[in-house]
Amino acid sequence: MVEIIKTEFGEIRMLDQAEGLDLLDWAAHYYLQMNADDFIKKWKAGEFNNPDQSSEVMTMIMLLPFANID
């Protein structure tokens, strides 16, 4: 079920976990030319040195909560 939150600025459509994973996968392909599963594995393994030096990696990190990934 799609959850819509109404605010004074408009409506916000909440993503469920599957939609969050789709967003993460799209972004991983777009920014890093890999799929979301590979990004998550590499992120959890600490394979991104100095992630704050890459706007692409930082974007991916900020999208992790949308897929309920710590």
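The values are calculated or read from the model by the stated rules, or taken from the named source; none is laboratory data. Because the structure is a prediction, the values reported are computed rather than measured. No Cβ is skipped: glycine too gets one built from the backbone with ideal geometry, and neighbour counts run over all protein chains shown. For the accessible areas, the whole protein counts, side chains as well, though only heavy atoms, and no ligand, DNA or RNA atoms are used. Shrake-Rupley method; radii C 1.70, N 1.55, O 1.52, S 1.80 Å.
So which residues in the stretch 12-23 are of a type in the set (A, V, I, L, M), modelled with pLDDT under 95 and not in a loop (DSSP other than H, G, I, E, B), if there are any at all?
Of everything in the stretch 12-23, those that are of a type in the set (A, V, I, L, M), modelled with pLDDT under 95 and not in a loop (DSSP other than H, G, I, E, B) turn out to be 12, 14, 18.
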Restricted to the stretch 45-70 and to residues being modelled with pLDDT of 95 or more and among the β-branched types (Val, Ile, Thr), the residue surrounded by the most Cβ atoms within 10 Å (Cβ to Cβ) is 57
Flagged pairs (Cβ under 7 angstrom, 6 or more apart or on separate chains; first in the stretch 24-50, farther than 14 Å from residue 64 by Cα and in a loop (DSSP other than H, G, I, E, B); second hydrophobic (A, V, I, L, M, F, W, C) and at pLDDT 95 or above) are 34/28; 48/57
Pairing a residue in the stretch 1-20 that is in contact (Cβ under 8 Å) with a residue 12 or more places away in the chain with any residue that is open to solvent by 80 Å² or more (accessible area, probe 1.4 Å) and assigned to a loop (DSSP other than H, G, I, E, B), where Cβ atoms lie under 8 Å and the two sit 6 or more apart in sequence or on different chains, gives 17/68; 20/68
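Any chance you could count how many residues in the stretch 5-18 are within 18 Å of residue 70 (Cβ to Cβ) and open to solvent by less than 70 Å² (accessible area, probe 1.4 Å)?
Residues in the stretch 5-18 being within 18 Å of residue 70 (Cβ to Cβ) and open to solvent by less than 70 Å² (accessible area, probe 1.4 Å): 2 in total.
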